[in-house]
Structures are given as structure tokens and as C-alpha cells.
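No lab work stands behind these numbers, since they all come straight from the coordinates. Computed from a predicted model, the values in this text were never measured in an experiment. Cβ sites come from the backbone with ideal geometry, for glycine too, and all protein chains shown count toward neighbours.
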Amino acid sequence: MAFKSKTPGKGLTRKSELKTKAPLSSQGGLTSRSAAPKLPSPLDEKKALQKRTLRALERAKKTAAEAGVDLSEWESDFIDSVSDRVKTYGRAFADPDKGAINGTLSLLQGVKLREIRQKVKSRAAKNADDEN
């Protein structure tokens, strides 16, 4: 046996009453908890996705500027126009066949953004190796 009582006939007893700040209620349990997490509304999720997309576009442009990598004119226009469309319409494409229904970028726009970020990353690493 893992636990042996020092007084085998008595069992466990409490010396003082329970000390709680709030009175105990008989309707306790999981249903009475009011601190349940509130789920975000679909509108909040959509706005958060738009914000993340705009941050990703700005981060790509900012990283290129900080690394000293010159984006082509087309790439700069692409980032600017996609940002404007996301700000104005909430998404950067109109045809639902080109991307997710609740997405802000089409599949090809996402691929192009990843290519731009990869280009900046590889050229920045190349420039850092050349300086050392």
C-alpha cells in the first residue's frame, strides 16, 4: 500500500473549514464557467487574414530595401497593386477558381510573392558572402 495512515481507525479528517473567497454553489461544474474562450467571428478572421497579407507584402518590400536588392519594376508594381487591391476589396483576385474562397491572394499571386521573397533572401545571402 502506498499510503499508510498514522491512525488507522480514524481515516482522513480536516482540522479547519474550507477557506474560499466566494461561497460554494451547488450548481458548479463545467456548465457554470463563464470564462469560456470567445471564438472570433468570421469577419474578424477575414480582417486578420487581410492584415497578415498586407504585412507579408510590406515585409517583402522592406526586406528587399534593407538587403540592398533591387526589385524589378514589375515586382514593385506587383506588390503595390496587390496591396492596393487587398486594402480596397479585401482580396486581390475576383475569380474564385483561382484561389481559396476566403483567401486574399490567388494561388499564383502567393507563388509569385514567395518567389520574390526567395530572390531577396538568396541575393542578400550572396551579397553578405561577397562582403566577407
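Scanning the stretch 38-80 for residues that are surrounded by 12 or more Cβ atoms within 10 Å (Cβ to Cβ) and over 30 Å from residue 130 (Cα atoms) turns up 45, 46, 47, 49, 50, 51, 53, 54, 80.
Name the residues in the stretch 98-117 that are without any contact (Cβ under 8 Å) to a residue 24 or more places away in the chain and not basic (Lys, Arg), would you? Don't jump to the end; show me each part of the working.
Step one: list which residues in the stretch 98-117 are without any contact (Cβ under 8 Å) to a residue 24 or more places away in the chain, which gives 98-101, 106-108, 110-111, 114-115.
Of everything in the stretch 98-117, those that are without any contact (Cβ under 8 Å) to a residue 24 or more places away in the chain and not basic (Lys, Arg) turn out to be 99, 100, 101, 106, 107, 108, 110, 111, 115.
Give the residues of the stretch 33-92 that are among the aromatic types (Phe, Trp, Tyr) and either in contact (Cβ under 8 Å) with a residue 24 or more places away in the chain or over 16 Å from residue 111 (Cα atoms) (or both), sorted by residue number. If the condition is that a residue be among the aromatic types (Phe, Trp, Tyr) and either in contact (Cβ under 8 Å) with a residue 24 or more places away in the chain or over 16 Å from residue 111 (Cα atoms) (or both), then 78, 89 are the ones that fit.
Among the residues of the stretch 84-111, count how many are buried (at least 17 other Cβ atoms within 10 Å of the Cβ) and in a helix (DSSP H, G or I). Qualifying residue count, the stretch 84-111: 4.
What are the residues in the stretch 112-132 that are in a helix (DSSP H, G or I) and farther than 17 Å from residue 71 by Cβ, if any?
Start the filter on the stretch 112-132 by keeping residues that are in a helix (DSSP H, G or I), which leaves 112-131.
Selection gives 128, 129, 130, 131.
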